[in-house]
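J.: There's a structure below that I have some questions on.
Computed from the coordinates by the stated procedures, all read-outs in this text should not be read as laboratory data. Since we're looking at a predicted model, the values are computed, not measured. Heads up, the Cβs are rebuilt from the backbone with ideal geometry, glycines too, and the neighbour counts pull from every protein chain shown.
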Amino acid sequence: MSVSSPKTSRFAFGTRSPPLHSRPSTSSQVSLTSLFAGNTSISTDPSQPLSDSRSFIAQAFVPHVAFLASSDADEIAREKGWEDLLDLVRVFGDQVQGKVGIRDSSGQASGYEDFGVRFTTLGSSRSPLQAGGPRSAAPGAQLDAIERLLERHVREYGDHLAQTQLGLSETSSISSSTAPSVTERDDGGTAVQIYPHFLRRVFSSLPVATHETFAHPVACVLAVSSRHPDPISGFTGLYTRCAQTPMPVWVDRGYLRYYLLVHDEDKDDLEESIKVFERIKRQFGLNCWMVRINSRMMYGSDDDVLPVPQSLWMPAQASLDHLDKPKDEERYLSIPDADALKAFVRHLTTEALVPFMERQIQTWDQTIVGPRRGLTGRLSSLSRRYFGSAPSTRTSSPSHTSYDPSTGSYPPTSPEAQMRKMADWAFMLRDWKLANSTYEMLRKEFSSEKAFGQQAGAQEMYAITHLMMLQPLSARTRQEILDPAVDSALYSYLTRSNSPYAALRLLLSVIELLRVRPGSSQDAAALWTIKLLSLQPPLLPPYAHALMVDRVANIYFNKNLSPSSSLPFGSRRRKAAMWAVLAAEAWLGVEEGKKVAEVARRCAKRAGRQFEGNAWDEISFHIRKLIERTSTGEQKGTSVGDELEEKMEKMAVQEAVVDGEKVEV
């Protein structure tokens, strides 16, 4: 194709989409900068609204879109400095531009500004965990890579403390040695600074698992460029490859196909590409788009360019590889190219993906889930359970259930698998009520069929959706509904399914959703964190373990600062200080060295501030001993945490009676 005429105006094609002009407006530049700012970590301030942790969980479980591009389309991305077209597009899926409108099962429409999609390679899957297999075979999280990445963040944070001279001054009294600067008071401790990185990496590695469909592809983008001699045949070839790509047997291949034509502004004729795109729409339907980008590599010195960061949801190993790259390898995009890619992702999401998911959910709800609700559905389920096969043939013929114990999965076309997919899709579209009711039905059916891995997955999401619905959570509701579901899922993940990643994800989700609720829910979040730390064999490697100990202290510190906390009753000041001391001990135990010692020193100083102005000289003395140890970074020595705990147990505990109950001071 010849070079396009300069008189042809630049615009993008697709159904119901506004044109993109050659020069973006100021508002588009601001929105692009906002997208690339990427600071969407969950809030660690208890005064922030409850939706923060909910937003993080909602963004962690989003539709996965497989990507399959022709070699000529990948070549354009490589000329621009990316590995392939998927690498170029991936970051734009972190947050779709503008509001995404979604209708729930009751027909109510809602708009979400933090909706995203996750672009992945077609056929990329991690090995499923077989029952009884080795713990190292567990799918998901890349715990070793997360530990290495966490170690790197801790050392960088220790360097930051040393450079800003926080924690370097030491005096003889606990009050003077723990008088922090404004920066230190606002810092919030190691857990606040590093924990969001750890949390995001854990949720960035969802496995293509048998017991859930979150990482199963909802759609597949087939991409061909205008350089292809016959784009129509190119799409046909990609469609065939898509159908023949090896996939696990439990993954449904009935996902949406979406066709993307990539036009090279520098080398191809735009008028010819327009004609080709019209033929594509007639051949393959309206689920298609043409994106116009140039193939030149952009540099920071060029006009109208923006640096493109790494995707927020890259797995831990990919994040490590990115950090190892030289600083001068930062990549840039022109603003028109970035606007064109944002428009493509928005059209894919709002005009194709979300409507497809809504239609499928409605179909499954009417044909599969609906008949199982109510008394008639329950009687039908009981009859299938107990009278699915004649008694004389149960020993000689296979059971009526479609569950396969060898793979721990149901066939994708079975009612159980479709119900699970419907619940997961409802969760991804934030229809919490429908998802919760479906998970409740599934956990009962999986239990009757002894599908323990499936049951654990349903119990996990039943508990999470219960917390996502923003309903008031009383202590009785938590003890009768939430705690049994979490305990059951945790037991199955660790003993029957041997899936430490699933157990870790479950506990982290519950901890974060409880932590931002008022009252006793914050205490429950701390107790579940302590449960995570006490699991045997240990679930967390050393750095992650120390971080979670620090997290317990941070939860109690936040309860102390919460507006719902009426000091001095229920503030948990002593517990916060106690866990801060234990966190300092844990950080000193992971590694000798000044960098980690600075982190431990910060924890010890936070503990000391809780006893400032009190007559508890023995506690102050032991905290000073710990601060002295952090100045040298030594690992060995008598545990100050054990000594402090013993001293605190011997001290008189002040109690008060509030509404007939004893409350800790």
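J.: For the residue pair Glu271 and Thr363, what label-to-label distance in nm results when each label sits 7 Å from Cα along the Cα-to-beta-carbon direction?
T.: Label-label distance for Glu271 and Thr363, simple model: 4.2 nm.
J.: Classify the stretch 269-354 as rounded, prolate or oblate, taking a ≥ b ≥ c as the square roots of the eigenvalues of its Cα gyration tensor: rounded when a/c is under 1.5, otherwise prolate if a/b is larger than b/c and oblate if not.
T.: Numbers: a/c = 2.88, a/b = 1.62, b/c = 1.78.
Here the stretch 269-354 falls in the oblate category.
J.: For Glu480 paired with Glu83, estimate the spin-label separation in nm (one decimal), with each label point 7 Å from Cα along the Cα-to-Cβ line.
T.: The answer from the label model is 5.2 nm.
J.: For the peptides 572-583, 197-208, 309-320, what is the packing order when you average, over each peptide's residues, the other Cβ atoms within 10 Å and list the highest mean first? If you can, show how the numbers build up before the last one.
T.: Values: 572-583: 25.2, 197-208: 22.0, 309-320: 19.3.
Those peptides, ordered most packed to least, come out 572-583, 197-208, 309-320.
J.: What net charge do the residues around Cys242 carry, taking every other residue with its C-beta under 9 Å from that of Cys242, with Lys and Arg at +1 and Asp and Glu at -1?
T.: Working: positive: Arg241, Arg253, Arg257; negative: none.
Net charge around Cys242: +3.
J.: How long is the gain from Asp304 to Arg373 if the chain were fully straight, where each residue apart is worth 0.36 nm and the alpha carbon distance is subtracted?
T.: Details: separation 69, 0.36 × 69 = 24.84 nm, distance 5.69 nm.
In short, 19.1 nm is gained.
J.: Also, quick follow-up: All other residues with a Cβ under 11 Å from the Cβ of Ser311 taken together, and with Lys, Arg as +1 and Asp, Glu as -1, what is their net charge?
T.: +1
J.: Within the stretch 269-288, list the residues whose amide N lies under 11 Å from a label point set 7 Å along Cα→Cβ of Ile232.
T.: Counting backbone N atoms under 11 Å from the label point, the list is 276-284.
J.: Could you line up Glu265, Glu449, Glu272 from fewest to most neighbouring Cβ atoms inside 10 Å? Mind showing how you got there, number by number?
T.: Details: Glu265 21, Glu449 18, Glu272 14.
With the sparsest Cβ surroundings first, the list reads Glu272, Glu449, Glu265.
J.: While we're on this one: According to a simple spin-label model (label point 7 Å from Cα along Cα-to-Cβ), what is the distance in nm between Met297 and Glu278?
T.: So the label points at Glu278 and Met297 sit 3.8 nm apart.
J.: Now for a different question. Where nothing but the Cβ of Lys and Arg (+1) and of Asp and Glu (-1) is charged, how large is the charge dipole of the stretch 258-316 around its Cα centre, in debye to the nearest 20?
T.: Working: 7 positive and 11 negative charges, 94 e Å.
So the magnitude is around 460 debye.
J.: Right, something else. Determine, for Cys242, Cys603, Cys220, the number of other Cβ atoms within 10 Å of each Cβ, and report the residues in order from fewest to most. Can you show the working numbers first?
T.: Values: Cys242 19, Cys603 31, Cys220 22.
The fewest-first ordering by Cβ neighbours comes to Cys242, Cys220, Cys603.
J.: Okay, moving on. Quick one: if the Förster radius is 30 Å, what FRET efficiency do Arg148 and Ser534 give, using the C-beta to C-beta distance and rounding to 0.05?
T.: With R0 = 30 Å, the Cβ-Cβ based efficiency is 0.75.
J.: Please compute the length gained on full extension between Thr495 and Ala109, using 0.36 nm multiplied by the number of residues separating them and subtracting their Cα-Cα distance. Intermediate results must be reported in sequence, preceding the final value.
T.: Working: separation 386, 0.36 × 386 = 138.96 nm, distance 4.18 nm.
Here the answer is 134.8 nm.
J.: Let me ask another. With N set to the number of residues, divide the alpha-carbon radius of gyration of the stretch 222-337 by 2.2 N^0.38 Å and report two decimals.
T.: On the way: Rg = 18.0 Å, N = 116, 2.2 N^0.38 = 13.4 Å.
Dividing the Cα Rg of the stretch 222-337 by 2.2 N^0.38 Å gives 1.34.
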